[in-house]
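None of the figures in this text is laboratory data; all of them are computed from the coordinates on show. Quick caveat, the model's predicted, so the values are computed rather than measured. Every residue, glycine among them, receives a Cβ derived from its backbone with ideal geometry; neighbour counts consider all protein chains shown.
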Amino acid sequence: MSRSRRDKRRAQFNARTKVPTMIVCPNCGATTLMHRACHNCGYYRGRIVAQSAEKAAE
Ligand SMILES: [Zn+2]
C-alpha cells in the first residue's frame, strides 16, 4: 500500500466520522442530533415520537 493510497483512505475515514450536525429542539430547547428524535423529549417532525420512561409509565 503506497503512502498516497493509505492517506486517501484515511481522509475518507475522517470525512465519514465527523460529528453530526446538532440542532436545538424546538419543543424543549435541548441540543440534539439533526434528523433524530430529541433525546430529551422525543420530539421530531412536529410530534412526540418517543416517550420518555416516566411518561410511558403513566
Ligand atoms: Zn426536545
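Taking Cα atoms only, the orientation of helix 3-16 departs from the longest principal axis of the chain by about 10 degrees. Between 45, 36, 16, the residue with the greatest mean-square fluctuation in the GNM of the chain (Cα pairs under 10 Å linked by springs) is 16. Percent of C-alpha pairs per 5 Å bin in the chain, short distances first: 4, 17, 18, 13, 10, 8, 8, 8, 6, 5, 2, 1, 0. Ranked for footprinting exposure by Cβ neighbours inside 10 Å, fewest first, 25, 38 give 25, 38. In the chain, helical runs assigned H by DSSP with n ≥ 4 each contribute -39500 (n - 2.57); averaged across all residues and rounded to the nearest 500, the mean residue ellipticity at 222 nm is -9000 deg cm²/dmol.
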